[in-house]
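J.: Dropping a structure here in structure tokens format, bear with me for questions.
Quick note: the coordinates plus some simple rules give every number you see, no bench work behind them. Owing to the predicted nature of the structure, the values given are computational and were not obtained by experimental measurement. Neighbour counts are summed over all protein chains in view; Cβ atoms, including those assigned to glycine, are modelled from backbone coordinates with ideal geometry.
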Amino acid sequence: MKNKLFKVLKVSLPVSIGIYLTWYFISNSSESEKDYFLKSLSEANYLWILLALVIAFLSHLSRAYRWKYLLETLDLKPKLSLMYHSVMIGYIINLTIPRSGELARAAYFSRYQKTKPDQIFGTIVIERVVDLIMFALVFFIAFLFQADQEKFNQFRQISTSSSNPLMLPIFIVIGVLLIILLVGFKKVRIKAINFLKGITQGATAILRLKNKTAFLMHTLFIWSGYLAMLWITALALPDLQNITINAVFACFIGGTIAIGATPGGIGLYPIMVAGALIEMYGYDGQIAKSFGMLMWTSQTAFMILLGIISLIAIKKEN
């Protein structure tokens, strides 16, 4: 009973925070802003939105294909379809508990590839480290692009402080429980050691990459795609067709922080993106909020659709 309650809390707490932020975002929007959002939906150029979704799909596919180079170091040559479905399933599970999708991705892949999940998880750890490096690079470029760097720093500080305040206590409690389990139970300790060995073996795959150039090119394509889909979605709205690359980078930084703070950026993504446009570039609130909501809803709905398709299709990988 307690285990079921804990699992329910793990899912419901971050989702509840996201729902609250969504309510906060909507309730703090004026009637004119809500009317403008509905108007923007009817006047938006959906060819641009469709193009942004195509780029999103190609970025997801490229991420799956890039994974192949890491898996090859473990003497695995899986089908692209299995890698792609595992990636998409991980994405939709991330919408419940932040970063839980990585574990689910390793578990689903290992189940159908008949291999150890700990080694697979190690390769995903490498991907996350590479993503962190790329985010730092994009952040540095965004910083250089900003004409008013003082405002950009203020926005970054607001973005960082808006993350969930409960996360630190939760991590501390989980850490203490893990220490108790490892010290008090020998079987748990042995399993943990073996799991860490597997992760280490997978995580050293980056050192054994045979095609580093292809891995790098896919990485650049993935992150360029993330920026491009945001820019192209902005072009769908008449009032944002002249948006500058500076503003695109600022929105991207705010949106990425939001995705890391709440499941899939639910509730917080439109707030962060709109905040960047309003605070740094003086856009009208109704324009900025409409864009933030349109960007998040279109990409999230598309990702959920692809994820559900992958949940069904992966069963054929047997």
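J.: Quick one: length gained pulling residue 297 to residue 278 fully straight, 0.36 nm per residue minus the C-alpha distance?
T.: That works out to 4.9 nm of additional length.
J.: Separation of segment 243-285 and segment 75-101 by C-alpha centroid, Å?
T.: Using only Cα atoms, the two centres lie 26 Å from each other.
J.: What FRET efficiency comes out for residue 244 versus residue 77 if R0 is 51 angstrom and r is the Cβ-Cβ distance? Round to the nearest 0.05.
T.: 0.70
J.: Right, something else. Roughly how many nanometres apart are two label points built 7 Å out from the Cα toward the Cβ at residue 107 and residue 311?
T.: In this crude label model, residue 107 to residue 311 measures out at 1.3 nm.
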